[in-house]
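A short reminder: the numbers here are calculations on the coordinates, not readings from a lab. In this text the structure is predicted, and so the values were computed from the model without any measurement. Positions of Cβ are generated from backbone atoms using ideal geometry, with glycine treated the same way; all protein chains shown enter the neighbour counts.
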Amino acid sequence: MNIKLTSLACFIGLAVSSNIMAQTEVEKLRSEVDALNKKAQEWEAYQGIKQKMEKDVSALNDKAREWEEWKAPKTLVHLAGFADVGYTDQKDATGSFSFGGFSPIFHYQFADKFMLEAELEFEINEGGKSEASIGYLTIDWFVNDYLALVGGKFLSPLGQFRQNIHPSWINKLASAPTGFGHDQAAPNADVGFMARGGYLLESQNSFNYAVYIANGPTLEADGSEIDMIETPGLGKDGDGSKTVGGRFGMFFPASKFEFGVSLATGKVSVRSGAAGSYSYDASRSYDVVGMDFNWRTGSIDIRGEFIQQKYGAESTSVAPDSGIWEAWYVQAAYNFSGTNWEAVARLGEYDTPTDSKDVEQITVGANYLFATNLVGKLSYEFNDNPNAGLTGKDRVLVQLAYGF
């Protein structure tokens with residue numbers, strides 16, 4: 001009996017002990033679950049903080065990239081240009097003050113491969129109204145160190161004056177050489193495509209070139225005679241035949257001498273009517289030939305240029321005859337050492353099919369350079385017409401030209 005009671009007591013003790021242990025394990029498991037839940041909550045909170053931090057870091061990286069672009073931008077903008085004012089007094093005419101023009105030039109460059117460049121021209125006409133036009137506008141692709149491809153309206157690459165010397169602060173006299181103005185013997189501009197560049201030879205001399213294909217010019221007739229060859233850079237090819245040409249030059253740095261040859265050929269026709277309803281007669285041949293040079297030594301700068309535009313005959317045209325428009329000039333400038341004064345002299349001639357337009361010209365001038373880009377000029381033109389019974393009109397020109 002005692003054994004049974006003892007066994008029962010032991011069993012009861014073991015049961016109670018097991019129950020206590022089970023409760024302890026449950027409490028332990030509960031504590032572990034609570035700890036895991038807390039860890040999970042902490043992990044979720046950490047993930048939220050992490051995601052927010054990642055977003056903040058990404059935003060900061062974006063800002064940093066924007067800042068780097070500002071520090072080293074791929075797009076650059078540059079403004080240049082020129083303007084001039086003056087006074088002109090022509091023989092047998094009333095002298096007048098003039099606003100020669102304001103020509104801002106914009107350059108928008110992307111990386112080192114592409115650039116948009118444009119020159120706007122603002123002038124005041126005789127009636128006092130402002131006139132605006134596009135001198136040139138091109139998109140340039142710098143393919144490599146030796147080649148740039150140019151598309152749009154560009155200044156004629158034939159010769160030197162029109163593409164490099166015409167800005168008033170660069171031109172050493174207050175007027176363009178006779179025959180090198182708008183719609184005269186020298187082509188002004190074209191609309192098309194051009195390839196240009198240069199190459200340094202082993203001799204250290206350099207070769208430069210510009211070749212193009214463009215819409216070309218048109219002829220304007222006055223009765224049965226050609227009044228002018230228009231070369232403003234036409235937006236339409238009226239004769240159906242493109243003009244191709246170019247200039248090829250060599251520069252010798254040891255002697256500071258450059259020589260260039262210009263050639264172009266195509267078709268041209270007489271245009272009649274008004275803008276929007278132009279008509280063109282039968283096309284005829286059109287050729288251009290030119291040569292130019294410039295030489296600098298010490299205080300002396302000497303340059304010269306010859307240009308000729310020639311069109312063929314066309315029997316069915318309202319103006320059937322062929323014609324030649326040509327001009328040349330030679331110019332010398334001397335800078336007085338140690339001063340801001342400069343003396344300039346230019347000799348030139350302009351010959352057309354119309355006797356009344358022919359000019360033989362001698363121009364002399366004195367310049368004062370307030371700065372390299374700010375020049376005061378006093379020029380005098382001796383103009384003569386070589387044809388019998390015709391005379392020219394001399395002019396005095398005063399100009400202040402500013403390049404920026």
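Once you've got the Cα coordinates, tell me which of Lys267/Lys310; Lys172/Lys256; Lys129/Lys236 are over 22 Å apart.
Lys129/Lys236
By its C-alpha gyration tensor, with a ≥ b ≥ c as the square roots of the eigenvalues, how is the range 223-369 shaped: rounded for a/c under 1.5, else prolate for a/b larger than b/c, else oblate?
It is prolate, given that a/c is not under 1.5 and a/b is the larger ratio.
What is the order of Tyr286, Tyr280, Tyr146, fewest Cβ neighbours within 10 Å to most?
Listing Tyr286, Tyr280, Tyr146 from fewest to most nearby Cβ atoms yields Tyr146, Tyr280, Tyr286.
Would you please report the Å³ per residue occupied by the convex hull of the alpha carbon atoms in the range 305-357?
Looking at the range 305-357, the number lands at 89 Å³ per residue.
If one computes the Cα centroid of the range 181-204 and of the range 89-163, what distance in Å separates the two points?
14 Å
Enumerate the lysines that Lys55 could reach by cross-link, defined here as Cα to Cα under 23 Å, with residues fewer than 8 away along the same chain left out.
Within reach: Lys63.
How big is the range 118-226 by the Kirkwood estimate over distinct Cα pairs, in Å?
Computed over the range 118-226, the radius equals 16.3 Å.
Quick one: compute a quarter of the convex hull surface over the Cα atoms of the range 74-403 and quote it in nm².
18.7 nm²
If you fit an axis through the alpha-carbon atoms of helix 2-71 and take the longest principal axis of the Cα set of the chain, what angle between them do you get, 0 to 90°, nearest 10?
10 degrees
So what is log10(I(q)/I(0)) for the range 32-72 at q = 0.17, 0.21 1/Å, when the Debye sum runs over its Cα atoms only?
Normalising to I(0) and taking log10 leaves -0.57, -0.68.
Given R₀ = 41 Å, what would the calculated FRET efficiency be for Lys74 paired with Val244, taking r from the Cβ atoms and rounding to 0.05?
About 0.75, to the nearest 0.05.
Given a Förster distance of 45 Å, report the FRET efficiency between Lys236 and Phe259 from their Cβ-Cβ distance, rounded to the nearest 0.05.
My answer for the efficiency is 0.80.
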